Amino acid sequence: MVSPVRACPFCSAPSKTLSEQVSDASALLEVTWESAKDAQQTDVGSTTFRILKVIKQAKDEFSVNDLITLPRYRPGEKTDRYLLFGNAAGTELDWQPPVAASQSLVEYLQNAPKPNLPYRERLPYFMGYLENSETPISDDAYGEFANAPYEEITPLSSKMPREKLREWLVDPKVSPSRLGLYGLMMGLSGNDEDRQLMEKKILEPNTDFRLGIDGVMGGYLLLAKEPGLEVLERTKLADKQAPFSETYAAMQALRFMWQYGNETISPKRLRKSMELLLTRPELADLVIADLARWKDWEVVPLLITKFEDPEFGIPSIRRAIVRFMIYCAKDAQEVKNQPASESKLTPEELAQVQALGQQAEEWLKKLEETDPGLIRDARRFLLIK
C-alpha cells in the first residue's frame, strides 16, 4: 500500500549532485571569466571564458587557453573561476550555467568517488564535507546523503562524526534543512548523553515551524526507544496545545519508526501512539490512512463512532473511514483464505481480525444503502482494489 522511500527520509528533495553532473557531462572545463557583452533589447548578450584546464571531453576539441563564448551576459572579473558542464545535444554541446569554482571545489570533485560505486563506499568521503566552509561543497555533500537510501546510511554508524553532530544540532548557524539528516545520524551513532541532548532540543518551547525537527525526533526514537515514545506522546501527540507543526513532525517520526525501526519499538506500540491523533480532526484523514496501512483493525468500532461525530464530518475524513473499512474487510477475507501454515497470527488474533472485518463489511453494506455516492467516491482512489 505504500512505496518504499528511496532516499534519506528526513532530507530535502534530492537533486543531481556535482559528481553525477560530472559523470553525465560530455565536457567539463575549468575556466576564468575573460569578457562579456551586455544585453541589448532582444539580444541576451554573451560571456567569454578562457580555458584553464580541460577536466573532461568526449573528443579533442578544447585546449588550455582556448576561448569559449556562451549566450547571456554575466558580469565578472578575470580572477573569477568557473566550471562549465557541457552535455551532448546532438552534434552540439548544451552548456549549463557556469558554477563558481574555487581550487577547493575542483579538488573536492577530482577526489570524489565515482557515482557508480555503492553508497556505503562513497558516503564516508562526503561525510567529511557536510559543514565545509564553502557552501557549494557542503551543499553537494549534503545532496549525496539526501539521495542515499536509508538502508545505505545505517551501516556507516560507526564512522559518523558524533562529536560534530552534537555541535551541529545546537548550532544556530547550521542550516535548518540539515537538522533532519543530522538528527537521523545522531540516532544511528549516539549514546545516552546524545539522547538527552536530542530530548532537550525536541522539548524546547517553540511555536514556530522547525524545519528538520521530524528527523531529530526520528533519531531520538532510535536511541530512546519506548521511553522516548512516551515523551513524544505526552508533549507532542496527546497535548492538544502543542503546535500543529510539532505534532505533525512527531507523526512523521512514528511513520519512520514503522518503516525503518526494525521493531525497535513494537508495531502494536506504534499503532497505539498513532491512535492518539484520532482526536484531532485536522489530522484524522492522514492518521486513518496510516492506521489502514498498519492494519490497525482494532479501531473499527471507534471509527464507526467517529463517522457519526459532527466534528469529524469533513468529506476527506468520511472518505478515509470508508476506505479503512474496505481495507479491513479485504484483509479479513485474505486472512480467512490463507492456509493456517502461512498465517503469522495466533488463533485469537485470527478470530479478532475476522470479527472486525465482518463488522466493517456490515457497516459498508448499510452505508451503501444510505450514501452510495460516498462509497463510490471513496473507492475511486483506493490504493488496493
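The number of residues in the range 82-94 being over 17 Å from residue 20 (Cβ atoms), not small (Gly, Ala, Ser) and not in a loop (DSSP other than H, G, I, E, B) comes to 3. Taking residues in the range 139-159 that are assigned to a helix (DSSP H, G or I), and partners anywhere that are among the charged types (D, E, K, R) and buried (at least 22 other Cβ atoms within 10 Å of the Cβ), the pairs with Cβ atoms closer than 7 Å and at least 6 places apart or on different chains are 142/178.
Residue pairs, Cβ under 6 Å, 6 or more apart or interchain, first in the range 218-241 and part of a loop (DSSP other than H, G, I, E, B), second open to solvent by 30 Å² or more (accessible area, probe 1.4 Å). List them. Within 6 Å, the pairs are 238/276.
Applying the selection to the range 132-172, what residues are small (Gly, Ala, Ser), under 20 Å from the mean Cα position of the chain (by Cα) and surrounded by fewer than 20 Cβ atoms within 10 Å (Cβ to Cβ)?
Result: 138, 157.
Are any of the residues in the range 58-65 in contact with a strand residue (DSSP E or B) (Cβ under 8 Å, 6 or more places away or on another chain), surrounded by 11 or more Cβ atoms within 10 Å (Cβ to Cβ) and either within 18 Å of residue 18 (Cβ to Cβ) or small (Gly, Ala, Ser) (or both)? Yes, the range 58-65 contains at least one residue that is in contact with a strand residue (DSSP E or B) (Cβ under 8 Å, 6 or more places away or on another chain), surrounded by 11 or more Cβ atoms within 10 Å (Cβ to Cβ) and either within 18 Å of residue 18 (Cβ to Cβ) or small (Gly, Ala, Ser) (or both). Residues that are open to solvent by 100 Å² or more (accessible area, probe 1.4 Å), in contact (Cβ under 8 Å) with a residue 12 or more places away in the chain and within 23 Å of residue 305 (Cβ to Cβ) within the range 331-385 comprise just one, 379. Can you work out which of the residues in the range 180-189 that are buried (at least 24 other Cβ atoms within 10 Å of the Cβ) and without any contact (Cβ under 8 Å) to a residue 60 or more places away in the chain is nearest to residue 135 (Cα to Cα)? The extreme case among them is 182. Scanning the range 198-214 for any residue that is in contact with a Leu (Cβ under 6 Å, 6 or more places away or on another chain), crowded, with 18+ Cβ neighbours inside 10 Å and among the hydrophobic types (A, V, I, L, M, F, W, C) turns up nothing. Report yes if residue 321 is at pLDDT 95 or above, farther than 26 Å from residue 214 by Cα, open to solvent by less than 10 Å² (accessible area, probe 1.4 Å) and assigned to a helix (DSSP H, G or I), otherwise no. Answer is yes for this residue. Regarding the range 193-215, can at least one residue be identified that is free of Cβ contacts under 8 Å to residues at least 24 places away in the same chain and within 28 Å of residue 155 (Cβ to Cβ)? Yes - at least one qualifying residue is present in the range 193-215.
Scanning the range 55-81 for residues that are of a type in the set (D, E, K, R) and assigned to a loop (DSSP other than H, G, I, E, B) yields 59, 60, 61, 66, 72, 74, 77, 78, 80.
Scanning the range 38-57 for residues that are open to solvent by 70 Å² or more (accessible area, probe 1.4 Å) and hydroxyl-bearing (Ser, Thr, Tyr) yields one hit, 42. Being under 23 Å from residue 9 (Cα atoms), surrounded by fewer than 18 Cβ atoms within 10 Å (Cβ to Cβ) and modelled with pLDDT under 95 is the requirement here; does residue 243 meet it? Judged against the criteria, residue 243 is a match. Scan the range 261-296 for residues that are open to solvent by 10 Å² or more (accessible area, probe 1.4 Å) and in contact (Cβ under 8 Å) with a residue 60 or more places away in the chain and the total you get is 1. The combined condition, being more than 34 Å from the chain's Cα centre (by Cα) and either assigned to a helix (DSSP H, G or I) or of a type outside the set (Gly, Ala, Ser) (or both), is fulfilled by residue 355.
Could you check the range 80-131 and list, in sequence order, the residues that are among the acidic types (Asp, Glu), surrounded by 13 or more Cβ atoms within 10 Å (Cβ to Cβ) and within 22 Å of the chain's Cα centre (by Cα)?
Applying the first criterion (among the acidic types (Asp, Glu)) to the range 80-131 yields 80, 92, 94, 107, 121, 131.
Subset that is surrounded by 13 or more Cβ atoms within 10 Å (Cβ to Cβ): 80, 131.
Once the filter is applied, which keeps residues that are among the acidic types (Asp, Glu), surrounded by 13 or more Cβ atoms within 10 Å (Cβ to Cβ) and within 22 Å of the chain's Cα centre (by Cα), the range 80-131 yields only 131.
The values are calculated or read from the model by the stated rules, or taken from the named source; none is laboratory data. Since the model is a prediction, treat every value here as computed from it, not as a measurement. Glycine also receives a Cβ, built like all others from the backbone with ideal geometry; neighbour counts cover every protein chain displayed. The accessibility values were calculated without ligands, DNA or RNA, using every heavy atom of the protein model including side chains. Shrake-Rupley method; radii C 1.70, N 1.55, O 1.52, S 1.80 Å.
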